[in-house]
Amino acid sequence: MKRYLQVLALAGAIVTLSGCGNLKNSSLANNATTTSNTKKKTNQTTNTGKNGYTVLLKNGTYQVSPIDGLTATDNDNSVDTRELERGLVNISKTTYPTSSYTFQEGQYLDASTVTDWLARKSKNNPAGLNPTAGTKKHYNPYYLEEIVEQDYLTGSGSKYSLGGISLGLAMNSVDYYTKTKNGAEYSVTISRSKQRSEGIKMANEIISRLRKKKALKNVPITIGLFSSTSKDSLVGGSYFAYGTASANSSKITKWKSISEKTQVLPTVGGAKAVSSSDASSFSSFKTSVQNYFPNISGVTATLRYENGKLTQENISITTQFYGYEQIQSFTRLVLSQAKKYLSNDTAIEIQIGSVNDVQALIAKETADSSYQVHIYGGE
């Protein structure tokens, strides 16, 4: 079990809550907050703008969940983390509308409890949700890798109360193990049907346990099942099902399926593009950008699809130049080519940088043709 340090957690949360790749959604950037003072505490809320949640701060501080970074094994893929949190925010919007609820990272599950839950079930740890290791002939994998909690509050001013919580359960698609200490590494693939069945069983067990907490006895509990990728995957995992236990209920009776897919372009190993049209558009953009400057090391894109529709395109451009005018000129070129070749109704984020530094960022909202541009150290 280990805990990852969350570098720039506040900045990451802003991007996640506002829908990823959105330069305009966070009022934290310009300190636009609403504050309410009492003798005991100060609450502040941030306006995350279009389609985003307002975020609750306490005494001017973003509240980080105590279970952030806890995982069952060392087999994590760092690219999963953002997708695990981002996807849960999107799921939560179906139960907790952004116009009525305020967001706060989970504060009801503590590190000690989740550490026990993520571990294997044993005589010394009856709370473990993962099965015993099994035998030499039959290895039982770790099914549950990580839990993320998000709280959704109602109220205003100094008075906020819990309106509901959401949990994301990251289910391993591949588990890695050794038969002897420092021995060869083996892996076992976990089917989607097994992820689903184990996830549903664990979700209902977790709900039953949470209902024993006074604060969680009478609020909706939404749980999403997330498929974590293999540790060498270039893209993050995705949610495949979710459901909500209504207030007073200790079980989710109806699960809804989710169709999400993430792909990296250019494709490798003969992989087929999810959309030939999107792949062609990116190829044209890539060619036009690389033809402009000879010192372009690489142009890659990560595309996310929901129900077959492209919803996010993140592009990374690695340069080998550092001159101020070069970066200014190149950024203008990238912006013009993005408008020419890339989708007008998709959220797009283009990061330009050298190996060591981010030099410029170009981004726009979904269905918003107005790009925002920032050149670091420049205009």
Checklist entry - Residue check: is residue 338 touching a Gly at 6+ places or on another chain (Cβ under 7 Å) and either within 19 Å of residue 377 (Cβ to Cβ) or open to solvent by less than 10 Å² (accessible area, probe 1.4 Å) (or both)? => result no
Item to check | Residues located in region 357-372, provided they are crowded, with 18+ Cβ neighbours inside 10 Å and part of a strand (DSSP E or B) | outcome: 359, 360, 361, 362, 363, 364
Checklist entry - Which of (1) without any contact (Cβ under 8 Å) to a residue 60 or more places away in the chain; (2) exposed (fewer than 15 other Cβ atoms within 10 Å of the Cβ); (3) part of a loop (DSSP other than H, G, I, E, B) does residue 74 not meet, given it meets every other one? => result (1)
Next on the checklist: Considering only residues that are touching a strand residue (DSSP E or B) at 6+ places or on another chain (Cβ under 7 Å) and open to solvent by 40 Å² or more (accessible area, probe 1.4 Å), which ones fall in region 122-145?
Outcome noted: 132, 133, 139, 142
Item to check | Residues of region 205-215 classified as open to solvent by less than 30 Å² (accessible area, probe 1.4 Å), touching a Lys or Arg at 6+ places or on another chain (Cβ under 9 Å) and in a helix (DSSP H, G or I), total | outcome: 2
Checklist entry - Under 7 Å by Cβ, and 6 or more places apart or on different chains, what pairs join a residue from region 249-261 that is of a type outside the set (S, T, N, Q) with one that is open to solvent by 60 Å² or more (accessible area, probe 1.4 Å)? => result 261/274
Next on the checklist: Looking only at residues that are crowded, with 17+ Cβ neighbours inside 10 Å and polar (S, T, N, Q) in region 231-274, which one is nearest to residue 211 (Cα to Cα)?
Outcome noted: 244
Checklist entry - Of all residues in region 297-309 being over 21 Å from residue 261 (Cβ atoms) and open to solvent by less than 50 Å² (accessible area, probe 1.4 Å), which is modelled with the lowest pLDDT? => result 298
Checklist entry - If you take the residues of region 331-355 that are over 24 Å from the mean Cα position of the chain (by Cα) and among the polar types (S, T, N, Q), which of them is modelled with the lowest pLDDT? => result 354
Next on the checklist: Looking at region 305-312, can you tell me whether even one residue there is farther than 22 Å from residue 227 by Cβ, of a type in the set (Gly, Ala, Ser) and part of a loop (DSSP other than H, G, I, E, B)?
Outcome noted: no
Checklist outcome for this item: Per the filter on region 174-204, residues surrounded by 16 or more Cβ atoms within 10 Å (Cβ to Cβ) and charged (D, E, K, R) are 175, 196, 198
Checklist entry - Among the candidates 163, 106, 155, 87, which residue alone is open to solvent by less than 20 Å² (accessible area, probe 1.4 Å) and at pLDDT below 95? => result 87
Next on the checklist: Within region 247-266, take every residue that is touching a helix residue (DSSP H, G or I) at 6+ places or on another chain (Cβ under 8 Å) and assigned to a strand (DSSP E or B) and give me the one that is farthest from residue 146 (Cα to Cα).
Outcome noted: 265
Checklist outcome for this item: Given (1) free of Cβ contacts under 8 Å to residues at least 24 places away in the same chain; (2) aliphatic (A, V, I, L, M); (3) crowded, with 16+ Cβ neighbours inside 10 Å, residue 348 misses just (1)
Checklist entry - Has region 276-286 got any residue that is part of a strand (DSSP E or B), at pLDDT 90 or above and crowded, with 18+ Cβ neighbours inside 10 Å? => result no
Next on the checklist: I'd like the full set of residues that are more than 14 Å from the chain's Cα centre (by Cα), part of a loop (DSSP other than H, G, I, E, B) and not aliphatic (A, V, I, L, M), limited to region 216-246.
Outcome noted: 217, 218, 220, 230, 231, 232, 233, 246
Checklist entry - For region 288-296, does any single residue satisfy the condition of being touching a Ser or Thr at 6+ places or on another chain (Cβ under 8 Å) and either under 18 Å from residue 348 (Cβ atoms) or surrounded by fewer than 17 Cβ atoms within 10 Å (Cβ to Cβ) (or both)? => result yes
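The values are calculated or read from the model by the stated rules, or taken from the named source; none is laboratory data. Everything numeric here is computed off the predicted structure, so don't read it as measured data. Reconstructed Cβ throughout: ideal geometry from the backbone, glycine too, with neighbour counts over all protein chains shown. All accessible areas refer to the heavy atoms of the entire protein, side chains included, with ligands and DNA or RNA removed. Shrake-Rupley method; radii C 1.70, N 1.55, O 1.52, S 1.80 Å.
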